[in-house]
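To start, the structure under review is shown below, and the notes come after it.
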2 protein chains.
Amino acid sequence: MGTTQLETVPEPKYWHLRTVLSEALDSEFTVGEILPNERDLAARFGVARATLRQALEQLELEGRLQRRRGVGTTVAPPRVGVAVGTGQHAWPGMQGDDRQPVDCTLATPPAAVAAALETARDEAVHIVRSTRTTHGQAIAAELLYVPQASVPDLSAIDAPSGPARARAVLRGLQRLELEGRDSAVELGSARADDAKELDRLPGAPVLVVTTRFLAAGRTAALSVATYRADTCRLTFGASGGVEIQDGPQRQAS
Amino acid sequence: MGTTQLETVPEPKYWHLRTVLSEALDSEFTVGEILPNERDLAARFGVARATLRQALEQLELEGRLQRRRGVGTTVAPPRVGVAVGTGQHAWPGMQGDDRQPVDCTLATPPAAVAAALETARDEAVHIVRSTRTTHGQAIAAELLYVPQASVPDLSAIDAPSGPARARAVLRGLQRLELEGRDSAVELGSARADDAKELDRLPGAPVLVVTTRFLAAGRTAALSVATYRADTCRLTFGASGGVEIQDGPQRQAS
């Protein structure tokens, strides 16, 4: 990366620097490569450290860079496409589902979850905790809230706790006919327990996907899944979806 | 909000403060209310300014707070649910679509878009620029890339440019039978032009939705839409979707 002085441009300086850096990442760096330190980079581009840092933050938001403690800033691999909305008629835990159930508890859900499930405010529901992993790395932590009424035949004796219990709840759900599901995606910040599971710091940006599973005319289960926003793009759609090669940020910029 | 000293907790201090603040927002503040200044808030909770700022940043990520220049930090209204994946068989611009076409140009798209559209690298495509607004506020800026082959009957004479041209391209698309579409959502940062349209600063976190529209066995159009991440939750699903009252961050915390 040679010395490149930024000319005066109408857009903010850090934004222009982001574009210049983005092109440099494409042409001069390989995935996993460690970037020069901030002082050197700032000097090369003739900008203040603060401007450089803003540009690096943008590129981190866009998934182009990763900052890791003790390593520095590295060039990130392309984001992984994770199917979220496909299989409209599959319950969690069905064949082909890559969720790993890790635990199951019986507890009172948050008020808004109880409202969505139409359970009484103090009614305990099964809470199945799962993770999704890709290439050995956890990409999502999911809580699935299941009213006891949705799995009436569940036996406490067979599987009192842990992954076995979680699987028993999922098997119970699969006895219901799934009528449909809908999802919402929004930006959030990782809660402490999710952050730990996802190898992120608490408060890191995440994509939170809420999914309602509908059976017998009501919400039979509600899932709140937290996806790493740095490494994931969430894919929706019934057409099976050939992956678009690059992320839209690269396409559009 | 009284004086509340934070006790020692295993999670990071700013994260615990975020939870305490979040509860205070629910119980003591109303939407639109301006928060006390940072110095006062830090003193009340017995934390350093830096800790307070980190907690405020989390709550901004989660859409609980808005920071506006010259106003200060205010309590944000609940996020607006915006349907993104419904109407699997509707083209953009069909009846009931809330997109407002603002412009249309003929230009060479970014390389990744050309690859997805299977057009030649230097082939110009129609680029329809639209906005989506809710309650008078722009929530999304969209670029729809349409190969000339998808709208062969388009007349340059009828509508040479601007919104009229954009509508002519959309009408042309609607003559094709839409076979399906798929979408991907990922975190991004607002480009300068989108940021202006969305009343955000360049680099603000946004949700970028890429949608492929399939007709005659190929990608007939590709849309890259930038949604405000602070005010929007994107909803997907065929079931029509009753809105879940609160965002999942409130549900899960």
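Throughout, read-outs are computed from the coordinates displayed, never taken from laboratory work. Please read these numbers as outputs of a predicted model, since none were measured by experiment. Cβ coordinates were reconstructed from backbone atoms using ideal geometry, including for glycine residues, and neighbour counts include every protein chain displayed.
Observations, loosely collected:
- Sorted from closest to farthest, the other copies place their A:Glu23 label points 5.2 nm away, with each point set 7 Å from Cα along Cα→Cβ.
- Compactness relative to 2.2 N^0.38 Å, alpha carbon Rg of region B:6-75: 1.03
- Dividing the Cα radius of gyration of region A:80-235 by 2.2 N^0.38 Å, with N the residue count, gives 0.99.
- Rounded to the nearest whole Hz, the Karplus-based 3J(HN,Hα) values (6.51 cos²θ - 1.76 cosθ + 1.60, θ = phi - 60°) of region B:124-134 follow the sequence 6, 10, 6, 10, 8, 9, 10, 10, 10, 10, 9, with x at glycine and proline.
- Placing a label point 7 Å from the Cα of A:Gly136 along the Cα-to-Cβ direction, the distances to the matching points in the other copies come to 5.7 nm, shortest first.
- Taking amide hydrogens as placed 1.01 Å from N in the peptide plane, the amide H of A:Cys104 sits under 5 Å from those of A:Arg129, A:Gly162, A:Ala166, each at least 5 positions away in sequence or on another chain.
- Three-way shape label, region B:59-135, alpha-carbon gyration tensor, a/c 1.5: prolate
- Taking amide H as placed 1.01 Å from N in the peptide plane, B:Ile139 has its amide H under 5 Å from the amide H of B:Arg132, B:Thr133, B:Thr134, each at least 5 places away in sequence or on another chain.
- 7 Å along Cα→Cβ, label-point gaps from B:Glu123 to other copies, nm, shortest first: 5.6
- Label-point gap, in nm, between B:Arg69 and A:Thr30 - each point 7 angstrom along Cα→Cβ: 4.3 nm
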